[in-house]
Amino acid sequence: MKPKIEDVAKAAGVSPTTVSRVLNNRGYISENTKNKVYQAMTDINYIPNDLARSLYNKKTNIIGLIVPTTKNPFFGEIAAEIENACSNRGYKMLVCNSLNNIEKERKYWEMLRRNQVDGVIVGTYNRGILDYDQHQLPTVAIDHYLSKNIPVVGSDNYQGGRMATEKLLESGCRYIIHINGPGELETPANYRRKAYEDTMNERGQEPITYEISGVFDQVEQDRIIRQIFDEHPHADGIFASDDMLALNVLREAHKRHIPIPEKLKIIGYDGTETIRTTAPHLSTICQPISTIAESAVAILQKQITDMLPLEKSETRHLVSFHKGSTV
């Protein structure tokens, strides 16, 4: 049989109440008594029940994270940075990889609530499928608008979009195309497109944009990219709204024997460590991923501490430009 609190108390020569107070750090307990209890736990191989302790303390010290896919370098890296920020604050993290599936996201959301996590960080695209406005669970969104009461943390997407477009223009491009995700998604990332369009109009250039309706649909991405090359053979610059898109554009250009960057210049967005390591030749706008993660956890911790919903807010951080050899 598994040892119980009563067994620890007997081995330590104290009462079960004292053992409980030591485990839950309640009230004053002398160091000598604490050492006796911990030694007794070691001697009889007693493992504390974290669930029972969390019910007692009304706190689990667990944060839930829902992301659409950890295969994407941005979400994989943001998950790692959030876990590190949680660990530094004494929290454990549960990662839910939804694959952008609505039903999976519903199930994960309910699972996190049933397990009484202290709070949730959400990076999903499917706004409106969860009862975000009806719950009291502390929640923070990463670069997505989920509801009017949930704060959003992200980089300055408009500034990043302007930086990318201006870099292509400064490099001599005059026929620049922008590729982005679904326009109907309510996400701060749409400001990348707005910045591109504003910058092109300011320079007297015609903005040309293409939307990819499937957020992670590789077949759809490939089809749209082929269409761009077929319909715009004279394009000399492409601004892709994320690095994976940019790499797919680069691959199609190589298939068509288009010299990069002599005939076509490409710039992506995100600048994860994975992309900068595996594709150092790709120019990209780098998001401050570590800062975004740190800010999200800090805001969530404040909600947990205050147990009050925050007003809708957005934490903005300037992006930086990583120049590969493409531009």
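The values are calculated or read from the model by the stated rules, or taken from the named source; none is laboratory data. Remember, it's a predicted structure, so these values are computed and weren't measured experimentally. Neighbour counts are summed over all protein chains in view; Cβ atoms, including those assigned to glycine, are modelled from backbone coordinates with ideal geometry. Protein only, heavy atoms only, side chains kept; ligands, DNA and RNA dropped before computing areas. Shrake-Rupley method; radii C 1.70, N 1.55, O 1.52, S 1.80 Å.
Quick notes on this one:
- Here R276, R256 are screened, and the one residue that is in contact with a strand residue (DSSP E or B) (Cβ under 8 Å, 6 or more places away or on another chain), open to solvent by 40 Å² or more (accessible area, probe 1.4 Å) and at pLDDT 90 or above is R276.
- Filter result (open to solvent by 60 Å² or more (accessible area, probe 1.4 Å) and outside any loop (DSSP other than H, G, I, E, B)) within the stretch 279-290: S290
- Matching entry among D242, D270, D222 (being in contact with a helix residue (DSSP H, G or I) (Cβ under 8 Å, 6 or more places away or on another chain) and surrounded by fewer than 16 Cβ atoms within 10 Å (Cβ to Cβ)): D222
- Residues in the stretch 138-161 include at least one that is small (G, A, S) and over 23 Å from I121 (Cβ atoms).
- Residues of the stretch 42-63 that turn out to be modelled with pLDDT of 85 or more, open to solvent by less than 50 Å² (accessible area, probe 1.4 Å) and either in a helix (DSSP H, G or I) or in contact with a Cys (Cβ under 7 Å, 6 or more places away or on another chain) (or both), as a count: 1
- When the stretch 200-215 is limited to residues that are open to solvent by 30 Å² or more (accessible area, probe 1.4 Å), over 18 Å from K167 (Cβ atoms) and in a loop (DSSP other than H, G, I, E, B), the one that is modelled with the highest pLDDT turns out to be E206.
- Selection status of L185, assigned to a loop (DSSP other than H, G, I, E, B), in contact with a Ser or Thr (Cβ under 7 Å, 6 or more places away or on another chain) and over 26 Å from N61 (Cβ atoms): no
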